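Peer 1: Please see the structure below; I have some questions.
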């Protein structure tokens with residue numbers, strides 16, 4: 001884990017401190033949980049996209065034509081209906 005600095009309005013920080021004390025947790029753990037809940041899926045999407053890009057750049061022949069992706073999406077959507 002790496003350290004990050006965030007500036008928060010005083011009232012929010014005070015509220016976080018009270019919540020943390022009431023839950024016997026640290027303010028940092030509450031912030032990490034909130035960031036994960038709000039941005040966790042997006043962060044994972046970025047990681048997946050970066051991994052796919054790296055695979056493609058290593059071997060561009062692995063690319064799937066857009067038409068194939070669209071056809072597969074249409075097939076899956078038709079199945080769902």
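The values are calculated or read from the model by the stated rules, or taken from the named source; none is laboratory data. Please read all numbers here as calculations on a predicted model, not as lab measurements. Backbone-built Cβ (ideal geometry, glycine too); neighbour counts: all protein chains shown.
Peer 1: Please note which helices (runs of 4 or more DSSP H) are completely contained in the chain and include at least 3 residues that are more than 22 Å from the chain's Cα centre (by Cα), at pLDDT 95 or above and exposed (fewer than 10 other Cβ atoms within 10 Å of the Cβ).
Peer 2: 10-23
Peer 1: Can you run down the residue pairs with Cβ atoms below 8 Å, 6 or more apart or on separate chains, where the first is in region 29-46 and closer than 20 Å to residue 17 by Cα and the partner is exposed (fewer than 11 other Cβ atoms within 10 Å of the Cβ)?
Peer 2: 30/23; 31/6
Peer 1: List the residue pairs whose Cβ atoms are under 7 Å apart, where the first residue sits in region 10-22 and is on the phi < 0 side of the Ramachandran plot, the second is in a helix (DSSP H, G or I), and the two are 6 or more positions apart or on different chains.
Peer 2: 16/27; 16/30; 17/27; 19/30; 20/27; 20/30
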